[in-house]
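> Once you've had a glance at the structure underneath, I'll fire off some questions.
The values are calculated or read from the model by the stated rules, or taken from the named source; none is laboratory data. Here the structure is a predicted model, which is why all the values come from computation and not from measurement. Please note: Cβ atoms are built from the backbone with ideal geometry, for glycine as well, and neighbour counts cover all protein chains shown. Accessible surface areas use protein heavy atoms only, side chains included; no ligands, DNA or RNA. Shrake-Rupley method; radii C 1.70, N 1.55, O 1.52, S 1.80 Å.
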Amino acid sequence: MARVATYNVRGLRDSVPALVRVIESMRADILCLQEVPRFLNWRGRRRELAEACGLRVVAGGRLGGVAVFARPGIEVLAAEHHRLKVFVGLEVRGLAVAVLRVEGVPLAVGSIHLDLHGAARLRHAYEAMTLMERTAAAYGAAIVIGGDLNEQETEPTWRYLAGRLTDCRAAAPRGDGLTFPARRPRERIDAVFAAPELAVVSCGGAEAAEADLAAATDHLPVLAELLVRP
């Protein structure tokens, strides 16, 4: 079993102790993060967060503010960071990829944070899938993507990703699935997607204190349990 989570942490601008408690409550093997620190001492701040949660940083550059953390003991086969196509006037977006061996099975795990602009979202999703497929093929790995899509499941980018991969919550839902805003969630804009060969056991939120979920950041996390077979 692999426990894969995704979480937008809003640059650690909220309660870091609450954030650490939420992350610890998920007991994730792999954590895809969005809006991790990307300015002053960004490497050190990411490392401090990972260590506080009992994890380690395994992928992610400065641009795009995305990263992948993993628990100690998981073998890292490769780590990549890609800048996605730059659109004038829009924020620079990136893709963090880690190829990890979990229970003998290689997984190509990507963290993405898509734009508020619809056409840019779709273009970046195409680009991210192309990069993920190339990396997965090189290592014989199954693809898993976690991220903040900034749109909901009826919209084009979500439909594109769900057409290529399994929307984990749709396959095995746990809870209502709403992720934004954290204090009074109304939308599901964060998700974990997995290759069809990975069976989804469950997918939902964190079993953490409501006060911590509200104080940690403006999104709620998503945790998927995936059955991995050699």
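> If you go through region 108-120 one residue at a time, do you hit one that is part of a strand (DSSP E or B), free of Cβ contacts under 8 Å to residues at least 40 places away in the same chain and open to solvent by less than 10 Å² (accessible area, probe 1.4 Å)?
Yes, that holds for at least one residue.
> Can you tell me which condition Ile145 does not meet? The list is (1) open to solvent by 10 Å² or more (accessible area, probe 1.4 Å); (2) assigned to a strand (DSSP E or B), and all the others hold.
Going through the list (1) open to solvent by 10 Å² or more (accessible area, probe 1.4 Å); (2) assigned to a strand (DSSP E or B), Ile145 breaks only (1).
> Does region 20-35 hold any residues that are more than 23 Å from Thr135 (Cα to Cα) and touching a Lys or Arg at 6+ places or on another chain (Cβ under 8 Å), and which are they?
Passing the criteria: Met26, Arg27, Glu35.
> Whether any residue in region 43-64 is in a loop (DSSP other than H, G, I, E, B), in contact (Cβ under 8 Å) with a residue 40 or more places away in the chain, buried (at least 20 other Cβ atoms within 10 Å of the Cβ) and not charged (D, E, K, R) is what I want to check.
yes
> Which one is most open to solvent (accessible area, probe 1.4 Å), of the residues in region 199-227 that are in a loop (DSSP other than H, G, I, E, B) and among the small types (Gly, Ala, Ser)?
Taking the candidates together, the pick is Ala209.
> So, of the residues in region 65-85 that are open to solvent by less than 60 Å² (accessible area, probe 1.4 Å) and outside any strand (DSSP E or B), which turns out to be nearest to Ala128 (Cα to Cα)?
Among those that are open to solvent by less than 60 Å² (accessible area, probe 1.4 Å) and outside any strand (DSSP E or B), it is Leu84.
> Another question, then. Please go through region 170-198 and give me each residue that is open to solvent by 40 Å² or more (accessible area, probe 1.4 Å), among the aliphatic types (A, V, I, L, M) and assigned to a strand (DSSP E or B), ordered by number.
none
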